[in-house]
Each structure stands twice: as C-alpha cells, then as structure tokens.
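These notes are about the structure you will find just below.
The values are calculated or read from the model by the stated rules, or taken from the named source; none is laboratory data. Worth saying up front: this structure is predicted, and the values here are computed from it rather than measured. Neighbour counts run over all protein chains shown; Cβ positions are idealised from the backbone, glycine included. Ligands, DNA and RNA are stripped out before the accessible areas are found, and what is left, the full protein with its side chains, is counted by its heavy atoms. Shrake-Rupley method; radii C 1.70, N 1.55, O 1.52, S 1.80 Å.
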There are 2 protein chains.
Amino acid sequence: MKLWQDKVRKVVPYTPGEQPNRPSMIKLNTNENPYPPAPGVRSLLDHFDEDRLRLYPDPACRNLNQTLADYYHVSEDMVFTGVGSDDVLSVAFLTFFNSDKPIFFPDITYSFYPVWADVYRIPYETKPVDENFRIVKEDYFGGSGGIVFPNPNAPTSYYENLSFVEDIVKNNPDVVVVVDEAYIDFAGPSAIELIPEYDNLLVVQTFSKSRSMAGMRIGYAIGQPALIKAMNDVKYSINSYTMNQTSLVLGVEAVKDEAYFKQCVEKIKATRSWTANELRKLGFKFNEPGANFIFASHPDYKASDLFAALREKDIYVRYFSLPRIDNYLRITIGTDEQMQTLIEFLKNYMK
Amino acid sequence: MKLWQDKVRKVVPYTPGEQPNRPSMIKLNTNENPYPPAPGVRSLLDHFDEDRLRLYPDPACRNLNQTLADYYHVSEDMVFTGVGSDDVLSVAFLTFFNSDKPIFFPDITYSFYPVWADVYRIPYETKPVDENFRIVKEDYFGGSGGIVFPNPNAPTSYYENLSFVEDIVKNNPDVVVVVDEAYIDFAGPSAIELIPEYDNLLVVQTFSKSRSMAGMRIGYAIGQPALIKAMNDVKYSINSYTMNQTSLVLGVEAVKDEAYFKQCVEKIKATRSWTANELRKLGFKFNEPGANFIFASHPDYKASDLFAALREKDIYVRYFSLPRIDNYLRITIGTDEQMQTLIEFLKNYMK
C-alpha cells in the first residue's frame, strides 16, 4: 500500500442502485414519478437561450427560491435550494450537527443518514422503530446533538401527523430537528406550517418524486432565516454555483403549474389505493402507505423470491437484504397499467 | 443566542461575486468565455426528451466520462465528473487530505482552498509566491499532508511548464498532489500526460472556461483508477446523483465538437495577445498570461481607482482588496470588440 492511501477518507464503499432503463421494463424500484414533468417544460427547452450557458448561474437561485417561497407562503430568505434533497440534507448535516453528542435517527430509515454522519465524522445513535415500524417519538426527546427523520418514513411509507412531529421539535429546543419530507405530497400536511413557531425546525423536500424531476436534481429546505443563512454560509464555502442554468429555469415551471402537479399526485394516490387493495387481497401485509410506494411482506412467500421472480419478468421493485426488513418489498406506484401488470403477475405466481 | 447555534459549523461567511447580467454591460470579471457553447447544443435542447427528467440520471455519468476518456486517451475509470471543478476539488479535499500534517498551497491562489480546508477541518499552510508571483517549487518538496495548486495559477495567470509540475509530484510520493488546471487550455501542455507515471497525481479541469459552459456546472478530475475510485466512494456517500440529465447530455457535445472548441480557444488567445500588447503600451505591468485573463498593475494608477472608473462605464473587471495584490486588476479576455472598448476607455482615462 502506498503512503498517500493512509490519508484517504475511509467510507463504506457504496454502489448506487441499478438504474436500468429499457423501454420494455416496468421500473418500480426507485420511487420515480410515472408521469412526465409539467408540459411547460417542453416549451422552456425549445426557447432556452443556449448562449446563457457560457455564464455562471445565479448562486443565490433567486427566481427559483422566490417561486418556492410564494408557493409555500414564506419569505425568500427561508428557502435553500440544492442538487436534490441529498445535497440539501448533506449540507444540513455538515452545518447543524457539530456536537460531541450523537444525532438520533430511526434504525429503519433512509440509508444515507449513517453515511453522511460517517463522512462528516458526526457521532450518531439509531432508535429502533416499533414492531409495526412506527417511529417512537419519546425516544427523541432530548439528549441528542440533533435529530433527523423522514416523514413519511422510508422505506416503510408511514406518515405521522403534525402533532407527532411537533412533539419531537418542541422537546428539542437546543438542537436542530430536520424533517425529511421527500414524500410528503403523497401523505398529509407538511411540517412547514410549524416553522413560524420553531426556529430549530428545518423541513426538506424534493422535486424528484411528486414533481417528476428526479433527473434535474432539485431539492430544497425551508426554515427560519437564521437556519437558511447558516446553510448558505456553508454552501457558499463549498461550491457557490451548484444549480445549473437549466435546473433553475425548468424548476420554476414545475412549481408554477400547480394544476398539473396536483393532478399527477391525485392520480398516483388513486393508483396506490387500487394497488394496496389488490395486494391485500393477495395476502400482503402493510399499514396505510403515505408515500408513492408500498412496503409490503407476505406470510407465505419470501420477499427475495418474489423480487427475483418479478425481475425475471422485467418488473423491477426494491428489495433490501437488511435486518428487520429482509422479508419486505418496496414497490413504487407507477401508472395504472404498470400496476395491473404487476398484480396480474403476482396473481399467477401465487396460484 | 439559542443553544442550537452552538452546534452550527463556523465558516467565514462568503458572499458570491456579483453576477450582474445586463445586455449593455461588458462583463470581464469572472473569466467566462465570450463565445456560446458548441452549436450542437441548440439541437440537443430541441430534441431533448423531457420525459427523461422524471428518471434519475446515471450516477456513474458513463457517457460523459467515456467521452472525456476518449478525448484524453485514458480509460473511463480514470475520470471523475462533478458539479463544476469546485465540486470536484471539494470532493478531492474531503477524500485525500486526511492527515494531521498541513496541506500546502500558494499564498496567492484560488480563494476556495482555505475555505474547503476550514469546512473540512484540514490543517493548511500557505507558501508565498515569489516577488514575480511565481510559485517556488522547492517549498512544496515534502513535509505536507497534501498539495494543491492551480496551473496556470489564479489570479496571476502564470503557467509553469511540465517539468516544474513533475518536480513537485515526484518529490511528494506519499501525498496526493492536485493540479487545478481550470485554465490549462489557454496555456500549455496539461499534467494529464504525467498521470501514467504518477499514482499520486490528480488533474482537475472544467467546462466553465474553455468549453463555454460555466452555466452547466461540469468539472472533472483525471487520475489513476485508485484515486478515482476513492473519490467515487466519497461522492456516492454524499450524493450519488449530482449531474443532472441536461448536463450529462450537453456536456458530451461540448467535448465532441473539438473543432469549435479549438477555434474559440485560438480566438481568445489571439485577443489576449492583442490586449496584452495594448495594455503594455499603456504602461501596465505583467508577465506572460497563461489563462483567459490578464493580471496587471500600473505604476501610476491605483487599481481600485481604475476598477471604479471602469465600473462606472459598465465595464466590469475584478479587483481583490487583499495583501500583495491590492494594486492589480484581473481582466477577463472577452471578444475583440469588448477589449477594444476597454482599451479605448483606458486610453482616454490616462490621457
């Protein structure tokens, strides 16, 4: 081994999930939206002035932030934009979790939390979800260096109501509480409405799911101005110009076309109801899903077997070979047609 | 002060440089390319399938990396792509500079180096450039936790030849040496040709200058596969999907149209020669510029006065109120017409 290798940061080598992309396949493995982005995006691409690409983008992302601020009825200095919610969350970890005390997050949750903690050398402690995979809120009352949890949680899809979230925020006045709401538009009210009362609450959302823009990499955080300023200070120190010219322009359209956005969300929720019903008829077990996916297990069929059988038919769902959840499948809600094909396959398979 | 503020990472608050963008202005302050991106970009925007935007991009950036690999005659596993060279350099700092020994870089150099070191808590030591603003290579021979320097250096614009770079790399077998070649296409041979011989050499370049794509945020690093793998391990831990679908597609075109690229670079070099000559006739002092900017001072006029006078005429150049360089202007090379306007103004001003 070469000596320079001593100085290389040790991380758990992570291999990104497979992103196969054959037109024939049914891709229900990464919680993408089955519907295209807002129709106005086409016209923006057609009229995009390519000469602008030679110039640096606006580092403060003012147009996009103002559009989000208007949509959520907050001021522009309460919005932070980044390269997907992964970038936003990573900046939040780097900014707010500087303490000798461990941060707390659930044991079954978004897999990036322990990875960011490791990369930035932030101590952490996981709190087990209960036997129904629900977060136990009292576990998070005090004693930490910071809190982060998704609502709805991933990969369980379970949504907790606002008084549950508020209890956690209220019981942690001395640390920042980050609520990761990647899937909130498919669930219930957002914790954004608690922000006026709590200066330690940061809510993170994304364009990747409900806004059909996983490919544009846009995420954002909303919080009181002091939190957003602290994040901008760190962001400007690392890379001032993270959002490229096309993201800044196309992102605005995705927010402005509220009618299209709501229509897609409602379609996905209706398809989710139908799919949940059909899966239950087939004997699958799960609580009410809050996100654009269902996290289900079956008493008579091993999840790993189902995963492999589906994959052979070019139907991709997600399977995690991890403690407590290794008999579950995470199934993204696609179009009605895609879900019908999935259910037909399962019906035949279980005959 | 609230207690959660104790846990906020302390950074030097950085305010991004002004990016005014009025059609009438002459913008020579951020080293952008005056020419639009490759003509094929227009057609790619016209034919871009917006439905792709709902899907995650390829986290491994294979098409773009392969295109760069072909261009530089290296293998794909020797290329790392990020959100501008700032992202690439920041990942390199986080990946390679984990040591109790300080990293070394010049005292007059790219302003982000000390900022990344602070954010990631990397100790550092600056090495003064000599009285002609040249890097003193012997200062970098051993004793550090890592080395980073730009070639050509910024904001001086001075290029050092390959044997100079090789001496630094050769004398540091136990640490990674990062050569930041943002402006190399306007200068001389790239250190990429040294890579087969040195497993500790990482060369970083960007699409923001010579490839007219500051607005797309694309940077890249080239090094032996072990270095690139270490960076990917860290990148995938922070955010697997940093490069959006439009960057990945448009970036390929910027590399493939080599004829257009070379033509733009040659035009800028010719304009630089003319401008340098005119500035010298007016009494400005500077050595041979290597980048797409000239870093000049005048014995009879204060740089801050010239900066203010130019700005009043809507001609923006860059002025740094910093030790050793506070009597210099950094002037980006624009079009012939823009530079003629600049020179005409200076001629009148100095009459």
Sole miss for A:MET25 among (1) surrounded by fewer than 21 Cβ atoms within 10 Å (Cβ to Cβ); (2) facing chain B (nearest Cβ under 8 Å) is condition (2)
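Quick grid of which residues meet (1) closer than 30 Å to A:MET213 by Cβ; (2) in contact (Cβ under 8 Å) with a residue 40 or more places away in the chain; (3) of a type in the set (Lys, Arg):
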| position | (1), (2), (3) |
| --- | --- |
| B:PRO173 | no, no, no |
| B:LEU202 | no, yes, no |
| B:PHE207 | yes, yes, no |
| B:MET213 | yes, yes, no |
| B:ILE222 | no, yes, no |
| B:ALA230 | no, yes, no |
| B:TYR236 | yes, yes, no |
| B:ASN244 | yes, yes, no |
| B:LEU248 | yes, yes, no |
Please work out which one of (1) under 30 Å from A:PHE286 (Cα atoms); (2) more than 10 Å from every other protein chain (Cβ to nearest Cβ); (3) open to solvent by less than 10 Å² (accessible area, probe 1.4 Å) is the condition A:GLY219 fails and give its number. (2)
Can you tell me which residue in segment B:36-47 is farthest from B:SER210 (Cα to Cα), limited to those that are open to solvent by 10 Å² or more (accessible area, probe 1.4 Å) and at the interface with another protein chain (Cβ under 7 Å from one of its Cβ atoms)? B:ASP46
Among the residues of segment B:36-50, is there at least one that is free of Cβ contacts under 8 Å to residues at least 12 places away in the same chain and within 23 Å of the chain's Cα centre (by Cα)? no
Give me the residue from segment B:240-278 that is among the acidic types (Asp, Glu), open to solvent by 30 Å² or more (accessible area, probe 1.4 Å) and touching a helix residue (DSSP H, G or I) at 6+ places or on another chain (Cβ under 9 Å) and, out of that set, farthest from B:GLU344 (Cα to Cα). B:GLU253
Within segment B:318-348, the residues that are in contact with a helix residue (DSSP H, G or I) (Cβ under 6 Å, 6 or more places away or on another chain), of a type outside the set (A, V, I, L, M) and assigned to a helix (DSSP H, G or I) are B:ASP336
Residues that are part of a loop (DSSP other than H, G, I, E, B) and polar (S, T, N, Q): does segment A:245-265 have at least one? no
Buried (at least 24 other Cβ atoms within 10 Å of the Cβ) and in a helix (DSSP H, G or I): is that true of A:SER208 in this structure? no
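So that you can scan it fast, the table gives a plain yes or no per residue for (1) at the interface with chain B (Cβ under 8 Å from one of its Cβ atoms); (2) crowded, with 17+ Cβ neighbours inside 10 Å; (3) more than 30 Å from B:VAL178 (Cβ to Cβ):
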position: A:LYS2; (1), (2), (3): yes, no, no
position: A:GLN5; (1), (2), (3): yes, no, no
position: A:LEU53; (1), (2), (3): yes, yes, no
position: A:TYR56; (1), (2), (3): yes, yes, no
position: A:THR67; (1), (2), (3): no, yes, yes
position: A:SER99; (1), (2), (3): yes, yes, yes
Looking only at segment A:72-95, decide whether some residue is on the phi > 0 side of the Ramachandran plot, free of Cβ contacts under 8 Å to residues at least 12 places away in the same chain, open to solvent by 10 Å² or more (accessible area, probe 1.4 Å) and more than 12 Å from chain B (Cβ to nearest Cβ). yes
